[in-house]
Amino acid sequence: MIAPRTTLPLVMAALAALARAQSPDLVGTAAIQPLLAEFDAAFARGDVAALLRPFRPDHAGAHATLQLALERRCAAAVTHTRTSTIVGEPRRVGMHTVVRVRHETVLRGRGTAAPTTLHEESVLVLRPDGPGRPVPTLWVETAPGGPCLNADEFRCPVCNYAIGGVDGWLCTPLRGERANALEAATFWLLGSDVTLAISVQADPAGTPAATVASELAATLRQFEPAAKLLAVQPWLPPAHADEPPMGLLGAMQAVDLPADEQAVFHVTTFGGLQHLLLLRGHRDALQRHATAIAALLASYRLLERCDELAISHRALAHHTGGRLQQGTYDNEPHDLHLEGAPGWKAEQRTGGAAFRVVWSSPNGSRLWLLGHRVPAGVAQWSEAAADRWLAHLLQQNDLTAVGDAAAWTPAAGFGGTQRDVQATAAHAVAGASTRRWFRLLRRDDLLVVLDASPATAADE
């Protein structure tokens, strides 16, 4: 039934009022800035509890990670100050306000040592709370904004996919060293504990998607021994389920976790790349928000449908700068060249490093070439920082340095300095050498590590 013309304005006004009631006003910078100043003051006092007190977190895991990071920062220095500034304009995602924040953190130790200054970015999510000040619900670190992210859609032509742009979901890309992949991002369904993390791995071996899903689930159970692995099932992205491109394979595996949580791994393999989508949340939240989850999964799609290994080669070259041909690795952006030994197999791997290449002998020996970018917020790689990095590596792998500590010396043709270290392993596989050799090459912008692990005396 059509309402009389005279009543239409009243109907439209009522609908507008209802829309305003259901979609709260955007929280402006005038309300956010005092909150950030309060957070910075609590950080300077080392009072993490006071900093976190205004939060009403929707995601307990993310909130615990934030607390741990703040406590570690405060414990790392005698005095610690932070200045937080808003970047750009706040925006609405679903029923929440989202704002990007840039931090300058200054950590000062005892004595006359120069302070350490860190520059980082984060995303702060707030919920309007009537006439009072807004309530923060989520605060997560993120990578600086890049060309792949637009209105919470993450689109990467190099890695051949797009996902997101769905109402209610916030996308936060991860920094490269955090991602442990070619790239990664997390989607947060605001107002719930539901997340979907996507990452991209190169896979020269062409591992079946079902195998990848089961291996990921088994790895999760190492951290959650009480986890129950459900059966692996075939799965294809909804966007391609009716007409899948030739070569596209997919699988999914659910894992029941303690505290009535569930994780669901979705894996696709295409063009030498693995796209890994991990959905996680409380079981009741996953059921309650099934429509929103289905919409996000439906937004995931491949951008090219041709099954060519050129896709993975292009992605590796874009994200790492390097190319591998017949056992020789060249990385022009980082001015590196390494020729592998005859008969050794070479592969590019993905991870949190700027680049990772491994050479393997027929006997099982390994030679790794790894490049590490300058840690986020730090001005450059120093020799002292490289030494701390190596000491941490030795400790984690139960290795002991042997012989006199080699000094840093100029590295010919590299434009920096280098240092050689030999170490022995406390435990080794029967018949294998216990020796481990390292060469560190340091430039202000890059730390390169050669890590040799011989399996036999002949290879050594």
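Arranged from highest to lowest average of other beta-carbon atoms within 10 Å per residue, in what order do the peptides 68-81, 217-230, 186-199, 150-163 appear?
Going by the mean number of other Cβ atoms within 10 Å, highest first, we get 186-199, 150-163, 68-81, 217-230.
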Item to check | Most to least packed among 164-177, 252-265, 390-403, 27-40 [average Cβ atoms within 10 Å] | outcome: 164-177, 252-265, 27-40, 390-403
Checklist entry - Arranged from highest to lowest average of other beta-carbon atoms within 10 Å per residue, in what order do the peptides 321-328, 296-303 appear? => result 296-303, 321-328
Checklist entry - In nm, to one decimal, how far is the ASP387 label point from the THR424 one, both placed 7 Å along Cα→Cβ? => result 2.4
Checklist entry - Using the beta-carbon distance between ARG439 and THR117 and R0 = 30 Å, what value does 1/(1 + (r/R0)^6) give for FRET efficiency, to the nearest 0.05? => result 0.50
Item to check | Rounded percent of accessible protein surface that carbon and sulfur make up, the chain, 1.4 Å probe | outcome: 54
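How much net charge surrounds THR79 when only other residues with a Cβ under 14 Å from its Cβ are counted (Lys, Arg +1; Asp, Glu -1)?
+3
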Item to check | Average accessible surface area per residue within the chain, 1.4 Å rolling probe, Å² | outcome: 51
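Determine the gain in length on full extension of the stretch GLU89-ALA294; use 0.36 nm per residue of separation and subtract their C-alpha separation, reporting nm with one decimal. Each step should come with its number before you reach the end.
On the way: separation 205, 0.36 × 205 = 73.80 nm, distance 2.97 nm.
This chain segment gains 70.8 nm when fully extended.
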Checklist outcome for this item: Under the 7 Å Cα-to-Cβ spin-label approximation, ALA458 and GLN233 lie apart by a distance in nanometres of 5.1
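Based on the Cβ-Cβ distance of THR207 and ARG53, what FRET efficiency does E = 1/(1 + (r/R0)^6) give at R0 = 41 Å, to the nearest 0.05?
Working: r = 47 Å, r/R0 = 1.14.
Once rounded, the FRET efficiency stands at 0.30.
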Checklist entry - Calculated FRET efficiency, THR81 and ASP129, Cβ-Cβ r, R0 22 Å, to nearest 0.05? => result 0.15
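Rounded to the nearest 500, what is the 222 nm mean residue ellipticity of the chain from helices alone, with -39500 (n - 2.57) per DSSP H run of 4+ residues and division by all residues?
Numbers: 10 runs with 113 residues, N = 460.
Per the formula, -7500 deg cm²/dmol.
The values are calculated or read from the model by the stated rules, or taken from the named source; none is laboratory data. This one's a predicted model, so the numbers in the text were calculated from it and none came from an experiment. For neighbour counting, all protein chains shown are included, and Cβ atoms are generated from backbone atoms with ideal geometry for every residue, glycine included. Protein only, heavy atoms only, side chains kept; ligands, DNA and RNA dropped before computing areas. Shrake-Rupley method; radii C 1.70, N 1.55, O 1.52, S 1.80 Å.
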